[in-house]
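Have a look at the structure below before the remarks.
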Amino acid sequence: MRNLYTIVLLLYLSFMVSAQKNYPIVSIDDCLNLSLINDEPMAIAIINNGERNQLAFYHIEEKKCLQTFNAPLPDKKITQLLPCDDGMIYILTAKQKEGQRRPLFDAIYAFSYKKDRIVRVYEETEDITMPSAALVRIKMYLSGNPFTKQPRVFNVQTKCFEPFSEDANLRLLFASDANKACIVMRESELSDDDTCPVYCRNEAGQISEQIGTYDSRMVMSTKKDENRMPGLTISNADYNWAKAAYDQTGFPHSGFSIATRPGLADYYSSLANRDELRTLLGMNSTYLAAKGKGKVFFYNVKEPCTQKPQTVSDEMMAGIKEHYNNLTSYIKTKLQSNALNEVFDACFYSITEQIHMDEYSRMEDHFIAFSHNGQYDVLKTEAQLLELIPPQFTIANEQDAILFQDALNTLYPPGTFAQKHIQCIQQEGQWLFVRDESFGDKKGYIVSLNADSHIMNIEKANKLPL
């Protein structure tokens with residue numbers, strides 16, 4: 001089943017394009033669970049100190065543990081940590097019963113960081129599937145499937161449960177502590193197409209007019225236009241906060257549950273190391289925490305870190321570079337042909353990089369470099385070639401196209417089996433330069449022209465439009 005959820009998530013993410021990668025700003029080793037503390041740069045975490053598990057406050061921006069606590073943790077599995085307005089951290093635990101596949105609700109504990117003490121405030125005696133919990137001020141909402149029944153509401157001040165609503169049809173979609181409100185719907189209003197109006201209920205229990213619609217439909221298709229995941233649509237601008245709040249609830253999330261929150265999936269798709277992540281532990285308006293490979297990673301979602309962080313000191317990096325340079329030599333060969341001189345305003349070189357591992361072995365890498373206007377650079381993209389074409393060069397006829405193809409042959413000599421596929425084909429407003437063929441698909445370059453036959457774009461294609 002886990003593999004199925006992974007496939008669903010990957011299929012959904014395949015339709016999403018991230019503008020940039022978001023690298024973690026810091027990570028914690030040996031962290032078992034944590035919760036972000038509202039919009040503070042803080043987290044309450046369960047860490048292993050080598051001997052036992054203990055609670056700790058971690059400062060995300062300062063990248064350090066501020067305080068650890070000695071209070072013994074519950075023996076049962078801890079599923080959630082919930083910071084509360086009363087200054088306590090509430091801990092939910094789960095138990096496993098023989099014959100039960102799903103974990104069962106065990107107990108609620110209260111942790112006082114001022115006294116460094118944990119006490120149990122509620123113990124569940126019935127066999128109840130482990131719920132998801134959310135705190136709004138002093139009320140803890142324990143819920144499962146929002147369409148089946150109302151949530152249980154535990155008042156952390158009175159240590160008692162209280163009714164959610166006298167309206168038997170009212171259901172909880174999610175609760176937001178940051179906004180001190182619940183987003184609710186009515187079971188009787190669920191339509192045949194699995195959509196339902198949603199409302200906002202404030203702390204006093206007052207329910208607003210309809211603020212939007214919740215769509216519970218899920219359609220997975222290889223056609224992007226047919227793809228659909230559950231989501232929340234807000235029609236009242238006064239409640240635009242609800243869409244972001246929906247993505248910041250229900251943690252932890254993994255696999256399929258990430259895909260059911262499109263906004264959260266957007267953030268997930270941008271994470272630079274998402275392939276090594278297993279679980280998203282929490283998110284607020286600034287930070288996202290995720291767990292994978294024995295670590296917890298923190299990301300800034302408000303100001304994404306787009307540069308891969310340095311993992312070693314400047315001094316160590318300087319030593320690594322010096323050692324690498326001592327092992328490395330380069331062989332430079334100038335690429336020459338009449339076609340290359342006519343098509344491009346630059347000098348090109350074939351570079352062989354040799355790394356001498358010892359006196360008997362070495363590794364080699366090959367790349368192309370060029371000099372233009374006294375500046376040297378490595379040729380990495382087709383966009384660089386476009387900048388090296390002089391303004392007088394055009395592809396006005398087949399002879400010009402053959403000249404351009406010959407220049408490509410000098411830069412990228414075709415292999416023995418590719419030579420028979422080399423050709424240039426004219427289409428409206430562009431030329432296709434075939435460089436090879438694989439399983440019936442012709443590969444090469446698409447060169448777009450303007451009305452004066454000047455080259456406007458060069459695009460590499462593994463499947464030319466023929």
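The values are calculated or read from the model by the stated rules, or taken from the named source; none is laboratory data. Keep in mind the model is a prediction, meaning the values are calculated, not measured. Positions of Cβ are backbone-derived with ideal geometry, glycine not excepted, and every protein chain shown enters the neighbour counts.
Observations
- Residue selected from the stretch 287-342 under the condition at pLDDT below 90 and of a type in the set (Asp, Glu), by the criterion farthest from Asp29 (Cα to Cα): Glu322
- Qualifying position, being in contact (Cβ under 8 Å) with a residue 24 or more places away in the chain, surrounded by 12 or more Cβ atoms within 10 Å (Cβ to Cβ) and not small (Gly, Ala, Ser), among Glu382, Glu437: Glu382
- Matching strands (runs of 3 or more DSSP E) fully within the stretch 64-157 where at least 3 residues are touching a strand residue (DSSP E or B) at 6+ places or on another chain (Cβ under 9 Å) and either under 28 Å from Ile28 (Cα atoms) or hydrophobic (A, V, I, L, M, F, W, C) (or both): 64-68, 77-83, 89-95, 104-112, 117-123, 132-136
- Here the stretch 67-83 is the region considered, the condition is being under 25 Å from Tyr299 (Cβ atoms) and over 28 Å from the mean Cα position of the chain (by Cα), and the residue that is surrounded by the most Cβ atoms within 10 Å (Cβ to Cβ) is Thr68.
- Of all the listed residues (Arg201, Arg217, Arg186), the sole one being surrounded by 18 or more Cβ atoms within 10 Å (Cβ to Cβ), among the charged types (D, E, K, R) and in contact (Cβ under 8 Å) with a residue 12 or more places away in the chain is Arg201.
- Pair list, Cβ < 9 Å and 6+ apart or interchain, from the stretch 336-352 residues that are under 17 Å from Asp377 (Cβ atoms) to residues that are among the basic types (Lys, Arg): Cys347/Lys334; Phe348/Lys334; Tyr349/Lys332; Tyr349/Lys334; Ser350/Lys332; Ser350/Lys334; Ile351/Lys332
- Any hit, the stretch 362-370, residues being farther than 16 Å from Leu408 by Cβ, β-branched (Val, Ile, Thr) and in contact (Cβ under 8 Å) with a residue 24 or more places away in the chain: no
- The strands (runs of 3 or more DSSP E) found entirely in the stretch 290-378 that carry 2 or more residues being aromatic (Phe, Trp, Tyr) and touching a strand residue (DSSP E or B) at 6+ places or on another chain (Cβ under 7 Å) are 295-300, 347-356, 362-372.
- Subset of the stretch 388-418 [in contact with a strand residue (DSSP E or B) (Cβ under 8 Å, 6 or more places away or on another chain) and either closer than 20 Å to Tyr330 by Cα or of a type outside the set (A, V, I, L, M, F, W, C) (or both)]: Thr394, Glu398, Gln405, Thr410, Leu411, Tyr412, Pro414, Gly415
- Checking each residue in the stretch 264-289 for being in a helix (DSSP H, G or I) and either in contact (Cβ under 8 Å) with a residue 24 or more places away in the chain or over 21 Å from Glu40 (Cα atoms) (or both) picks out Ala265, Asp266, Tyr267, Tyr268, Ser269, Ser270, Arg274, Asp275, Glu276.
- Scope the stretch 85-117; condition touching a residue at least 60 places away in the same chain (Cβ under 8 Å) and either buried (at least 19 other Cβ atoms within 10 Å of the Cβ) or among the polar types (S, T, N, Q) (or both); matching residues: Met88, Tyr90
- Of the residues contained in the stretch 306-325, none is found to be surrounded by 15 or more Cβ atoms within 10 Å (Cβ to Cβ) and either touching a residue at least 24 places away in the same chain (Cβ under 8 Å) or more than 30 Å from Leu277 (Cβ to Cβ) (or both).
- Ile395 vs. criteria assigned to a loop (DSSP other than H, G, I, E, B) and under 21 Å from Phe348 (Cβ atoms): yes
- Considering the conditions (1) surrounded by fewer than 18 Cβ atoms within 10 Å (Cβ to Cβ); (2) closer than 30 Å to Lys332 by Cβ; (3) not β-branched (Val, Ile, Thr), Ala451 is excluded by exactly one of them, (2).
- Flag for Ile402 being among the hydrophobic types (A, V, I, L, M, F, W, C), exposed (fewer than 12 other Cβ atoms within 10 Å of the Cβ) and in a helix (DSSP H, G or I): no
- Positions within the stretch 1-39 being in a helix (DSSP H, G or I), surrounded by 17 or more Cβ atoms within 10 Å (Cβ to Cβ) and either β-branched (Val, Ile, Thr) or modelled with pLDDT of 50 or more (or both), in sequence order: Val8
- Residue check for Leu386: within 24 Å of Gln423 (Cα to Cα), in contact with a Gly (Cβ under 9 Å, 6 or more places away or on another chain) and at pLDDT 90 or above: no
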